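The values are calculated or read from the model by the stated rules, or taken from the named source; none is laboratory data. Just so you know, these numbers come straight off a predicted model, no measurement behind them. Positions of Cβ are backbone-derived with ideal geometry, glycine not excepted, and every protein chain shown enters the neighbour counts.
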């Protein structure tokens, strides 16, 4: 018998069918994507992190000609949130990715490095981080970002 891991997620067929609080957070991520610095990939990613107290921090990808010196939108948003509010947990992270090559938003999941950072934020706070992954065709909600990296790196205790 082979075991399978299934990621528990919710799919909404339209942005408009989401609760207003989730629409608002995704809108922040979309706006952040417009300010991304992505001259090499043309892939503009925005992220918006909502903290437990309702405060929102945004970030966007920052590329650099000396690859891999840039940074992903998710980490920019999370690090900004933690720098300003180190003791307030991140509860939700919205991600919106715009491809300038085809002028469209596409569903995008966090890269491996971002998954590791999100996993550590979850562990540190003791709260799961919900991910909102946006595209015009659907929004995917993952209630526990830890499902994206079930064997995250950690130091033995």
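Here residue 100 clears all of (1) buried (at least 16 other Cβ atoms within 10 Å of the Cβ); (2) in contact (Cβ under 8 Å) with a residue 60 or more places away in the chain except the condition numbered (1). Taken across segment 15-23, residues that are buried (at least 19 other Cβ atoms within 10 Å of the Cβ) and outside any strand (DSSP E or B) do occur, with at least one present. Would it be correct to say that residue 127 is modelled with pLDDT of 95 or more, part of a loop (DSSP other than H, G, I, E, B), under 22 Å from residue 21 (Cβ atoms) and in contact with a strand residue (DSSP E or B) (Cβ under 9 Å, 6 or more places away or on another chain)? Answer is yes for this residue. What about residue 49, is it under 29 Å from residue 150 (Cβ atoms), buried (at least 17 other Cβ atoms within 10 Å of the Cβ) and under 18 Å from the mean Cα position of the chain (by Cα)? Criteria met by residue 49. Exactly one residue out of 7, 30, 26 is in a loop (DSSP other than H, G, I, E, B) and touching a strand residue (DSSP E or B) at 6+ places or on another chain (Cβ under 7 Å), and it is 7. Give me a count of the residues in segment 52-91 that are under 14 Å from residue 38 (Cβ atoms), in contact with a helix residue (DSSP H, G or I) (Cβ under 8 Å, 6 or more places away or on another chain) and in a loop (DSSP other than H, G, I, E, B). Looking only at that region, the number is 2.
The test for being in contact with a strand residue (DSSP E or B) (Cβ under 9 Å, 6 or more places away or on another chain), at pLDDT below 95, more than 13 Å from residue 29 (Cβ to Cβ) and surrounded by 13 or more Cβ atoms within 10 Å (Cβ to Cβ) does not hold for residue 63. Going through 120, 31, 137 one at a time, which residue ends up being over 10 Å from the mean Cα position of the chain (by Cα), at pLDDT 95 or above, closer than 23 Å to residue 14 by Cβ and surrounded by fewer than 19 Cβ atoms within 10 Å (Cβ to Cβ)? Result of the check over 120, 31, 137: 31. Taken over segment 92-115, the criterion of being part of a loop (DSSP other than H, G, I, E, B) and farther than 22 Å from residue 79 by Cβ is satisfied by 100, 101, 102, 103, 107.
Considering each residue of segment 4-11 in turn, at least one proves to be free of Cβ contacts under 8 Å to residues at least 12 places away in the same chain and under 17 Å from residue 145 (Cα atoms).
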